[in-house]
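Structure record follows, encoded as C-alpha cells.
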Amino acid sequence: MNTPTNKNSKLTGYKGSVFYFTDNPKFNKNAYHFFPNGVLYIADGKVVEAGNFSELQAQYPQAEIVDYSGKLITPGLMDSHVHYPQMEMVGSYGEQLVQWLNKYTIPTERKLADREYADKIANLYLDELIKHGTTSAAIFATISPNSTDALFNAALKRNMRVIGGSAYMDVNTPDYACLPPAEVYDFNKNLIERWNGRGRTNYAVSPRSAYLLSPAEMEATQALLKDYPDIHIQVHLAENKESGDMVTKLFPGLKNYTEVYDHYGLMNEKTIMGHCVWLDDAEFELIAARKSSCAFLPTSNLFLGSGLFNLQRANQHHATVGMGTDYAAGTTLSMLKTMGEAYKVTQLRKAFADNPREIEPLDPLENYYLATLGAARAMSIDHYVGSFESGKEADFIVLDSNSTSDLAIRAEQSEDIRDLLFAFQIIGDDRSVAHTYIMGKKMK
C-alpha cells in the first residue's frame, strides 16, 4: 500500500483493464504489467498504485471509484518528434524533403512570427494532441520566439509535460529564416531562461538539420551547450539521401552525418535525433554509445518518400528509439495510426530484402512501448511519465474498443493483450480514445 503524501488528498481509483510497461519488451519478456480487472489509484496528480482491483480495493476503502470496466487504461501516448507550426500545410503535395521544406514549410512557418496567429495554432495543436490521447511531445517551433512563447504558454494552461524549442538554421534556406551564428548563443539563452523548467515544460536547443547549418552555426551551438550541459537537444538526422549529400559537402572533413553532430558536441543522453533512416552500423553504434535517441517517424518517411527506418538494426545496437509523427510531413497526429504505419514500414522492408524472412515484423507490444515508455525514455522524461509506477505523474488515457463497429468486431476476436493492442494500432484513431487525463485531470 502506498499512502498519498497529503493526508487530505482526494484519492480516486480508475477501474478497468490496466496496462503499462516497465521496460522494453524487445529485450525483456517481463517488461509489462496487465491487470484485466485492474485499478489505477491517483492522488494529487500522481500515481499511488496500480494493480488488481480485487487485491487493492480493501487497501484504499476511501477511494472514489470511476468505473471504466470494459475499457483499457494505459499511460498517455507520446510523440518524440513533431512540428506544431505546420498544421495548416499537412498533405502538401508532390515534393521530397529539400524541395518540400523550401516550397511549403519555411513560408508557412514564417506566419507564426505573428503572435496572435501563433497562439491560435499552438492552442489548436495541443487540443488535437489531447483528442488523440497524446499527453507529451518533443516539439519544434519556428525561428520566431513568438512561436515558442505561444507553445509554452498553451502547454502551461493545460499543465502538459512538453519539450520544445525554436528550430534554427543559416544555410540552404531563405534569408528571412536564418539565424546568424553570432546570434545563436543569446537567442537560445533567452528562451532557455524564460521557459526551461517552468511548470512541466523543458526547452530544447533545436539546430534544425546539419544540411541547413554552417560549421560556424554548429560551433556557436557547441559553445552554448558547454554552458547548458543538461539542456535537451533535438535535431534531424539522415532523413533522405539528398540532404545527406548536402551534409557531406558542408562538412567534408567528417565521415558521415552522425559524426557531424558528435564532432560539435551535440550528442548526449538528452539528444533526440529524428528520422535516422540512412545510417550504417557504425552510426547506430555511435548513437548508442552517446546514449542519444532515434525518433522513428513512419508516416513522414512514407509521405516524402524518404526511406524506411531500420528498427531491427537500431535494436541490434541497443539504440534508444521512440515513436513520433513528424507532423506535418507526417500525415496524422494520432499515435495509434502512426503505430499502424510503423508496422507497415517494417513489413515493407521485406520487399527490398534478399531474404524477407530475416526481416522481423514489429511486435504489437514493442510498438506500443515505442509510443509510451519508449518515447518517454527517448525524450529523457521517463522519470516523470510513461508508466504507472508509484509517484509518476498521472498522464493516462482510456481506450474503447467499442468506439467503432469495425474495431469492436476485431477486438472481440483478440486472444490476449498483445492482439488487442494490434487491433488498436491497425484500426484505431482518435475515436478510440474515450478519455485523456493530464496529471489526473480529465481533459477529454
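On the basis of the beta-carbon distance and an R0 of 35 Å, residue 317 and residue 193 show a calculated FRET efficiency of 0.45. If the segment from residue 384 to residue 359 were pulled out straight at 0.36 nm per residue, it would be longer than the present Cα-Cα gap by 5.6 nm. With pairing defined as another cysteine C-beta under 4.7 Å, the cysteines of the chain that fail it are 178.
Percent relative contact order of the chain, based on C-alpha pairs within less than 8 angstrom and at least six residues apart? Reported relative contact order: 19 percent.
For region 79-378, a crude dipole built from +1 on the beta carbon of Lys and Arg and -1 on the beta carbon of Asp and Glu, taken about the Cα centre, is about 700 debye to the nearest 20. Non-local amide H neighbours of residue 274 (under 5 Å, H modeled in plane, Pro and chain starts lacking H): which ones? Here 235, 236, 237, 295 satisfy the definition.
Based on DSSP H segments of at least four residues, each scored -39500 (n - 2.57), the chain has a per-residue ellipticity at 222 nm of -9500 deg cm²/dmol. Were the residues from residue 344 through residue 255 laid out at 0.36 nm apart, the gain over their Cα-Cα distance would be 28.9 nm. Excluding residues fewer than 8 places away in the same chain, name every one of the lysines whose C-alpha is closer than 26 Å to that of residue 26. Reachable lysines: 71, 270, 291, 337, 344, 350, 392. Taking N as the residue count of region 79-378, its C-alpha radius of gyration divided by 2.2 N^0.38 Å amounts to 0.92.
DSSP bridge analysis restricted to the chain gives an antiparallel fraction near 40%, rounded to the nearest 5. What the phi angles of region 348-359 give under the Karplus curve with 6.51, -1.76 and 1.60, with θ = phi - 60°, is a coupling list of 5, 4, 5, 5, 10, 9, 4, 10, x, 5, 7, 8 Hz, glycine and proline written as x. Checking every one of the trypsin sites (Lys or Arg not before Pro) in region 1-78 against DSSP loop status and a limit of 13 other Cβ atoms within 10 Å picks out 7, 10, 29. Site pair residue 442 and residue 62 shows an inter-label distance of 2.3 nm when each label is modelled 7 Å from Cα along Cα→Cβ. In terms of the mean number of neighbouring beta-carbon atoms within 10 Å, the peptides 198-211, 225-238 order highest first as 198-211, 225-238. Taking amide H as placed 1.01 Å from N in the peptide plane, residue 49 has its amide H under 5 Å from the amide H of 41, each at least 5 places away in sequence or on another chain. Highest mobility in the GNM of the chain, judged by mean-square fluctuation with C-alpha springs under 10 Å and restricted to 129, 336, 101, is found for 101. Residues considered: 73, 121, 417. Largest GNM mean-square fluctuation over the chain, using C-alpha springs under 10 Å, is found at 417. A dipole drawn for region 79-378 from +1 and -1 charges on Cβ atoms has a positive end, and of 142, 125, 220 the residue lying farthest that way is 125. Taking label points 7 Å from Cα along the Cα-to-Cβ direction, residue 219 and residue 406 give a separation of 5.6 nm.
Residues whose amide H falls under 5 Å from that of residue 434, counting only those 5 or more places apart or on a different chain, are 398, 399, 400, with hydrogens built in the peptide plane.
Of all the options 308, 348, 212, the one that moves most in a Gaussian network model of the chain with Cα springs shorter than 10 angstrom is 348.
The numbers here are math on the coordinates, done by the rules we state, and not lab data. Because the structure is a prediction, the values reported are computed rather than measured. Cβ sites come from the backbone with ideal geometry, for glycine too, and all protein chains shown count toward neighbours.
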